[in-house]
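Here is the structure we will look at, set down as structure tokens.
All of the numbers you see were taken from the coordinates with simple rules; none came from a lab. Quantities reported herein were computed from a predicted structural model and do not represent experimental measurements. For neighbour counting, all protein chains shown are included, and Cβ atoms are generated from backbone atoms with ideal geometry for every residue, glycine included.
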Amino acid sequence: MHPQTDETKGIFARYKRECKRSALKPILLFNEADAIFSTRKTGNNSSIDQTENAIQNIILEEMEKLEGILIATTNLVDNLDRAFERRFLFKIRFDKPSTESKKNIWLSKLPTLNEKDAMALSTRYDFSGGEIDNIVRKVLMAEILNGERPSFAEIEKLCSEEKLKGNNSRVRIGF
């Protein structure tokens, strides 16, 4: 047996023990599940592929007999192996927030913005809530480092630099 397969079985064994000890069923969460629930490898007999497939097979078996709650998150749903997808009773899709929702996120995260500026950011940039959080952290860092709150133009510059794809003006490090 491979150490990773033992660790995988151990996750489910610990979960079962926790279920027995708890009055309420705990949740077993696989965040970024596409990394482990991805399409299984075929045709290549490398030891890495064999180990990954063995781990996936263990998870599939454990999911079949699981008496609890398993939640998996991913933003790469197309990468999921169909055998995993089939085992999920409920599948919920969360789309990016609407323009109005993004405006409200901007206002709640950066209360110094006015409604007009928050709406401008919401309509110009197709950001998820997490991407807005990135900008907010950069704004706060700039404020700490420079001793003053960034201007709206500086916030827009941070927004324009947020995504690597299609942004040729950004200085890239490492790739």
Query raised in the report: Looking at [x] 1.40; [y] 2.34; [z] 0.98, which value of Cα Rg over 2.2 N^0.38 Å comes from a calculation on the structure shown?
Result: [x]
**Report entry** Rounded to 10°, Cα long-axis angle of helix 99-109 versus longest principal axis of the chain
**Finding:** 80
Query raised in the report: With springs only between Cα atoms under 10 Å, which of Gly147, Gly129, Gly68 fluctuates most in a Gaussian network model of the chain?
Result: Gly147
Query raised in the report: Roughly how many nanometres apart are two label points built 7 Å out from the Cα toward the Cβ at Lys91 and Ile69?
Result: 2.2
Query raised in the report: Label Ile36 and Asp6 with points 7 Å out from Cα along Cα→Cβ: what is the distance between them in nm?
Result: 1.7
Report summary line: Applied in sequence order to region 73-82, the curve 6.51 cos²θ - 1.76 cosθ + 1.60 (Karplus, θ = phi - 60°) yields integer Hz couplings, x standing for Gly and Pro, of 10, 6, 10, 10, 4, 5, 8, 6, 5, 4
Report task. Kindly express, to the nearest 10 degrees and within the range 0 to 90, the angle between helix 47-65's C-alpha long axis and the longest C-alpha principal axis of the chain. Result -> 80
Requested in this report: For region 4-16, just list the computed ³J(HN,Hα) in residue order, Karplus coefficients 6.51, -1.76 and 1.60, θ = phi - 60°, integers in Hz, with x standing in for Gly and Pro.
Outcome: 5, 5, 5, 5, 5, 4, x, 4, 6, 5, 5, 4, 4
Report task. Fewest Cβ neighbours within 10 Å first, please rank Asp81, Asp95 accordingly. Result -> Asp95, Asp81
Query - Sorted by Cβ density within 10 Å, fewest first, the residues Ile27, Ile92, Ile36, Ile155 - result: Ile92, Ile27, Ile36, Ile155
Query raised in the report: On a 0 to 90 degree scale, rounded to 10, what angle separates helix 129-146 from the longest Cα axis of the chain?
Result: 50
**Report entry** Low-density loop cleavage sites - GluC sites (Glu not before Pro) in region 1-66, where at most 16 other Cβ are within 10 Å (DSSP)
**Finding:** Glu32
**Report entry** Estimated inter-spin distance, Gln50 and Glu162, nm [label 7 Å along Cα→Cβ]
**Finding:** 4.6
Query - Set Lys116/Lys138; Lys41/Lys102; Lys41/Lys91; Lys41/Lys157; Lys109/Lys163; Lys9/Lys163 screened for pairs whose C-alpha atoms are more than 31 Å apart - result: Lys41/Lys102; Lys41/Lys157; Lys9/Lys163
**Report entry** Ile105, Ile11 arranged by Cβ crowding within 10 Å, fewest neighbours leading
**Finding:** Ile11, Ile105
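For region 43-139, run through the chymotrypsin sites (Phe, Trp or Tyr not before Pro) and keep only the ones in DSSP coil with at most 13 other Cβ atoms within 10 Å of their Cβ.
Sparse-neighbourhood loop chymotrypsin sites (Phe, Trp or Tyr not before Pro): Phe90, Phe94.
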